[in-house]
Every structure is written in structure tokens, then in C-alpha cells.
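The structure appears below as C-alpha cells.
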Amino acid sequence: MVSWKELGLASQKAMLQKALKEGYAVPGYNFNNMEQLQAILTGCVKSQSPVILQVSKGAREYANGTLLRYMAEGGVKMANELADSLKLKHIPISLHLDHGEDFEICKACIDNGFSSVMIDKSHDPIEKNIEETKKVVEYARKFDVQVEGELGILAGKEDNVQADKTTYTRPEDVEKFAKGTGVDSLAIAIGTSHGAYKFKPGQKAELQLDILSEVRKRLPKLPIVLHGASSVLTQYVDMINKFGGKMENAIGVPEEQLRKAASMGVCKINIDSDGRLVVTAIIRKTFAEKPGEFDPRKYLGPARDELIKMIMDKNKTVLGSTNRA
Ligand code: G3H
Ligand code: 13P
Ligand code: ZN
């Protein structure tokens with residue numbers, strides 16, 4: 001058993017409350033390997049942005065949950081050293097379980113030093129969602145760990161997260177859920193979705209910001225979270241297609257819609273797919289241009305550099321989290 005406080009992590013509560021007060025969103029970036037972790041932390045230190053490092057069930061299976069926890073601990077030290085060397089402030093870093101599917105995985109992460117967990121029972125009826133979420137909140141409280149719950153269902157497919165269509169959050173349910181569970185933040189479904197195919201060609205890529213407003217009216221003090229918020233940046237999709245990939249009609253959430261949401265009480269924005277696209281695009285390009293290259297550092301290194309740039313740009317132009325550390 002280890003507390004997040006011993007790992008040099010920051011409280012997500014303080015991070016999200018500051019974001020709520022000041023009208024920006026803290027990035028929740030997913031990582032599965034060393035290069036992603038290095039890029040997220042380097043980009044956020046250079047941006048002077050707070051950051052939430054997210055680990056999914058798929059990431060735990062891919063990289064090993066224990067290893068990821070130690071990587072995050074090492075990451076905090078690396079980020080602090082980098083900040084010192086650049087004469088910048090240390091940034092707040094939290095370690096978060098993304099889409100925890102049951103109490104057991106949430107408990108395992110809380111016991112292993114995570115500073116926040118998501119319990120995702122959004123596919124269950126609301127009564128069951130409340131009951132299961134409350135159980136996690138009661139356990140997490142003992143260790144000062146924050147809990148994110150979800151109401152509404154996002155469409156899209158990733159390893160362990162999938163649904164065919166979106167079921168928007170019903171604003172009339174949110175007070176009952178917040179009171180019944182005691183969650184610290186609430187993920188809602190307003191038209192974002194997981195993965196790289198969020199809208200169909202010809203469809204208006206628009207979020208239901210009226211639902212967000214309605215939720216905010218009912219819960220003005222509760223930080224709201226947006227999942228599935230990658231913009232599916234066209235320059236990387238084009239690069240993937242140019243260098244032998246096949247990603248037709250990949251469409252994400254327009255950046256201005258996310259900026260608007262961040263100014264309306266969305267305090268945490270989850271981004272995974274955009275990072276995956278950057279890495280894939282640069283690796284494909286390097287393989288095409290340097291077919292004799294066989295040292296992974298020669299293609300993972302440039303991918304990591306581009307990821308740093310993407311993260312810094314996203315923090316500044318979409319989330320508004322630059323210089324909020
Ligand atoms: O929302 C899901 C995250 O992007 C994690 O995806 O389950 O494929 O690791 P994953
Ligand atoms: P994207 O697939 O849009 O990057 O969403 C990631 C996410 O919601 C992680 O929980
Ligand atoms: Zn998600």
C-alpha cells in the first residue's frame with residue numbers, strides 16, 4: 001500500500017477547482033509507454049501546465065500496472081529536474097485510472113499510489129451506477145483519493161471502452177447522481193466520442209453545449225469532464241495516409257468547440273487518440289523516408305519530439321492550461 005502523497009503527486013481536487021474558477025481545462029493525457037510519458041511531462045513542464053497522467057485498463061494490461069506506477073513516480077522526478085534546469089516552476093501532476101470498470105480495479109489503483117480514479121458504470125442503469133460509484137467514493141475518501149463518475153454513454157471504440165451510439169447525459173439526472181455518490185468530478189456525454197471517427201463526413205461536428213449549460217446550472221460547483229475530446233488533427237491523419245496508412249474519414253471534435261466547453265465549466269479534457277495519431281504518422285514517415293533505419297530510437301525519438309509539440313500547442317490553444325501550473 002502506498003499513498004499518492006509519497007510519490008510527489010498533486011491533488012486532483014485542487015487542480016480542478018482552480019481550473020473551474022479560472023475557466024480553463026486540465027489535460028488528461030493517456031500513456032502506455034516511456035516515450036508517451038516523457039513527451040506528456042516535457043510538453044507540460046515547458047507549457048507550465050498542470051497535467052493528469054491517465055492509465056487505462058488496456059494500458060495496465062499492455063505495460064503492467066506496477067511498472068506504470070513506478071514510471072509515473074520516476075516521471076514526477078524527471079519533470080521536477082527538467083523544471084529546475086529550465087528555471088521553471090514544478091508542475092502539479094496527478095495519476096489517474098481511466099475508465100475503471102469495477103471496484104476491484106479502482107481499489108488496486110488507490111492502493112498502488114494513484115491520486116484519482118474513474119469508476120465508469122455509465123452503461124448500467126442509474127441506480128446501479130450510483131450504488132457502484134458510491135462504493136468507490138467511500139473507499140477512496142479514506143485515502144484522500146478523488147473519484148470521477150460518468151453519466152451518459154459515449155460512442156466509439158477503443159480496447160476496453162466501446163458503445164455503438166451516444167446516449168446524451170440527461171441534465172435532470174445529474175443532481176441525484178452527484179448527491180447519491182459524492183463524486184469529485186463528473187464526465188458527461190454531449191457529443192464527443194472515443195477514437196478517431198467521431199463524426200460522419202457531411203455531419204455537423206458539433207457538441208451539445210446546451211446540455212453542458214443545463215448541467216452546470218444544476219451543479220455549479222462540480223468539475224465537469226469531457227472524454228473523447230481529441231480533435232483528430234488533419235495534418236497527422238494526412239501524413240498517415242500519405243505514408244501508406246488507411247484512415248479514411250477520420251474526424252474529431254473541432255478545437256473551438258473544446259475551447260468553448262473549457263470556458264463553460266469543463267475542467268478536465270481527455271486526449272488519447274491525438275497522441276496515437278502523432279506517433280503513428282511520424283513512425284510511418286520515418287520508415288518511408290529511411291527504409292534502412294532499424295534503431296527504434298531513430299523513429300520513436302522523432303515521434304516523441306512531435307508529441308511534445310502537439311501537447312504544447314494543445315495546452316495553449318485548446319485547453320488554456322498553459323502557465324496555470
Ligand atoms: O477512453 C479510452 C482511452 O483512450 C484508453 O483507450 O482502452 O485503448 O487504452 P484503451
Ligand atoms: P479520445 O479517443 O478522443 O482521445 O478520448 C480519450 C479518452 O476519453 C480517454 O478517456
Ligand atoms: Zn474516455
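The values are calculated or read from the model by the stated rules, or taken from the named source; none is laboratory data. What you see is a predicted model, and the numbers here were worked out from it, not measured in a lab. When we count neighbours, we look across all protein chains shown, and the Cβ atoms used for this are built from the backbone with ideal geometry, even at glycine. The area values use the complete protein model at the heavy-atom level, side chains included, leaving out ligands, DNA and RNA. Shrake-Rupley method; radii C 1.70, N 1.55, O 1.52, S 1.80 Å.
A few notes on this one:
- Residues that are surrounded by fewer than 18 Cβ atoms within 10 Å (Cβ to Cβ) and acidic (Asp, Glu), drawn from region 16-35: GLU22
- Positions within region 93-112 being in contact with a Ser or Thr (Cβ under 8 Å, 6 or more places away or on another chain) and either over 16 Å from LEU53 (Cβ atoms) or away from ligand 1 (no atom under 16 Å from the Cβ) (or both), in sequence order: SER94, ASN112
- Just one of the numbered conditions (1) under 19 Å from ASP164 (Cβ atoms); (2) touching a strand residue (DSSP E or B) at 6+ places or on another chain (Cβ under 6 Å); (3) more than 16 Å from ligand 2 (Cβ to nearest atom); (4) of a type outside the set (Phe, Trp, Tyr) is not true of GLN203: (2).
- For region 257-285, a residue qualifies if it is out of contact with any strand residue (DSSP E or B) (no Cβ under 8 Å at 6 or more places or on another chain), more than 16 Å from ligand 2 (Cβ to nearest atom) and closer than 30 Å to LYS18 by Cα, and the qualifying residues are LYS260, SER263, MET264.
- Any chance ALA250 is under 24 Å from HIS99 (Cα atoms), within 16 Å of ligand 1 (Cβ to nearest atom) and of a type outside the set (S, T, N, Q): yes
- Meets criteria (in a helix (DSSP H, G or I), at pLDDT 95 or above, farther than 13 Å from PRO27 by Cβ and not charged (D, E, K, R)) for VAL279: yes
- Failed condition for LYS221, given (1) over 22 Å from the mean Cα position of the chain (by Cα); (2) at pLDDT 95 or above: (1)
- Cβ pairs under 6 Å, 6+ apart, first in region 44-61 and farther than 18 Å from VAL76 by Cβ, second within 16 Å of ligand 2 (Cβ to nearest atom) and not polar (S, T, N, Q): SER56/ASP98; SER56/HIS99; GLY58/ASP159
- For first residues located in region 194-215 and on the phi < 0 side of the Ramachandran plot, partners that are of a type in the set (Phe, Trp, Tyr) and crowded, with 18+ Cβ neighbours inside 10 Å and lie 6+ apart or on another chain with Cβ distances below 6 Å form the pairs ALA205/PHE199.
- Taking the criterion of being under 21 Å from the mean Cα position of the chain (by Cα) and either in contact (Cβ under 8 Å) with a residue 40 or more places away in the chain or within 11 Å of VAL55 (Cα to Cα) (or both), the residues of region 130-142 that qualify are THR133, VAL137.
- The residues of region 297-325 that are open to solvent by 60 Å² or more (accessible area, probe 1.4 Å) and assigned to a helix (DSSP H, G or I), listed by number, are ARG297, LYS298, ARG304, ASP305, LYS309, MET312, ASP313, LYS316.
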